[in-house]
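So the structure is just underneath, and the comments pick up after that.
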Amino acid sequence: MDVTAIDRSATRTTGPLRQASPVTKLVALGLVLAAALVTWNVLILTAILCTLLAALVWGRIDLRLALTLAAYPALFAVVFAFASAPDALAGVTIVGKAVSAGLAAVTVVLSTPYPQVFAPVQRVTPGIVGDALLMTYRATFILLEKAAHLLRAARLRAGIRGRHPLRAAHVNFAAVGGLVLYSMDLAQRDYDIMRLRGYEGRLRTTPLRSRNRLADVAIISGATALLLASVLWRVASAALNPYSWIVALPAAALLVLTLFMRKGPR
């Protein structure tokens with residue numbers, strides 16, 4: 001996982017998605033997650049995915065990076081679907097739910113600096129909870145990058161080329177042990193630095209204001225429309241399922257339109 005690429009994407013100022021308010025994006029994330037959880041209609045999930053992809057293109061966010069990050073929950077969903085889904089359609093739906101939820105979260109992460117992701121949360125949670133979320137988010141990416149470097153270094157030093165599975169397992173476990181020790185040292189070092197800088201039980205982060213009101217309106221409107229469609233097709237599934245294409249087709253057309261109209265650097 002390229003932490004630098006994630007931070008670079010989140011801190012850029014180009015694109016309407018990055019100029020929207022963090023609060024707006026978090027509210028929209030909740031609405032889209034609710035839409036993905038409520039529906040069991042494949043075409044509605046397709047509409048959610050197309051809308052999210054269109055939002056990424058519209059926001060000038062790297063699609064390859066976003067899809068790579070969203071693939072992580074999809075891997076676990078595939079295993080779960082294979083073990084528990086009664087048929088292929090249900091399995092596809094489970095995977096679609098995971099991909100939709102993951103892509104929605106990735107959209108927020110790649111368009112919002114991580115302190116701003118948790119700034120609204122800190123206002124409604126106890127100080128220790130908000131600070132723990134903020135520091136855990138930061139440490140997660142640091143440890144993932146450190147793990148990749150440790151495993152690569154350990155394999156290079158051991159000269160493993162895929163023909164020694166036991167030796168490879170030993171090297172990997174040793175690298176994980178080193179990562180655990182590094183994480184403990186990182187936690188202690190961060191706490192000491194925070195105390196030296198005057199930490200008194202609360203990290204103050206001021207949420208950014210919107211720099212593009214039209215983007216806020218578009219984000220909330222799109223997320224609300226997806227949730228309403230998801231709820232409506234769930235409540236009246238027997239009558240509306242034959243007409244699910246009415247939701248999927250405009251979403252697919254929106255994606256094609258944003259791809260066609262994309263201009264400038266992402």
Item to check | Options 90, 119, 85; residue that is under 16 Å from residue 36 (Cβ atoms) and either among the acidic types (Asp, Glu) or out of contact with any strand residue (DSSP E or B) (no Cβ under 8 Å at 6 or more places or on another chain) (or both) | outcome: 90
Checklist entry - Looking only at residues in region 166-212 that are charged (D, E, K, R) and not in a loop (DSSP other than H, G, I, E, B), which one is modelled with the lowest pLDDT? => result 167
Checklist entry - Taking only pairs six or more apart or across chains, which ones have beta-carbon atoms under 8 Å, a first residue in region 133-144 that is under 11 Å from residue 117 (Cβ atoms) and at pLDDT below 75, and a second residue that is open to solvent by 40 Å² or more (accessible area, probe 1.4 Å) and part of a helix (DSSP H, G or I)? => result 133/121; 134/114; 134/115; 137/114; 138/114
Checklist entry - Out of curiosity, is residue 163 open to solvent by 70 Å² or more (accessible area, probe 1.4 Å) and modelled with pLDDT of 75 or more? => result no
Item to check | Subset of region 33-52 (residues that are surrounded by fewer than 22 Cβ atoms within 10 Å (Cβ to Cβ) and closer than 19 Å to residue 261 by Cβ) | outcome: 50
Checklist entry - What are the residues in region 91-115 that are open to solvent by less than 20 Å² (accessible area, probe 1.4 Å) and over 13 Å from the mean Cα position of the chain (by Cα), if any? => result 91, 93, 96
Checklist entry - Within region 10-27, can you find the residues that are open to solvent by 10 Å² or more (accessible area, probe 1.4 Å) and small (Gly, Ala, Ser)? => result 21
Next on the checklist: I'd like the full set of residues that are more than 17 Å from residue 45 (Cβ to Cβ) and open to solvent by less than 90 Å² (accessible area, probe 1.4 Å), limited to region 69-82.
Outcome noted: 69
Checklist entry - Given the residues 224, 258, which is the only one that is within 18 Å of residue 32 (Cα to Cα) and either open to solvent by less than 40 Å² (accessible area, probe 1.4 Å) or under 22 Å from the mean Cα position of the chain (by Cα) (or both)? => result 224
Checklist outcome for this item: Residues of region 10-33 being over 15 Å from residue 103 (Cβ atoms) and among the small types (Gly, Ala, Ser), in sequence order, are 10, 15, 20, 21
Item to check | Residue in region 54-68 that is farthest from residue 251 (Cα to Cα), counting only those that are under 14 Å from the mean Cα position of the chain (by Cα) and open to solvent by less than 40 Å² (accessible area, probe 1.4 Å) | outcome: 65
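The values are calculated or read from the model by the stated rules, or taken from the named source; none is laboratory data. For clarity, every value in this text was computed on a predicted model and none was experimentally measured. As a convention, Cβ positions derive from the backbone with ideal geometry for all residues, glycine included, and neighbour counts pool all protein chains shown. Note: areas computed on protein heavy atoms with side chains; ligands, DNA, RNA excluded. Shrake-Rupley method; radii C 1.70, N 1.55, O 1.52, S 1.80 Å.
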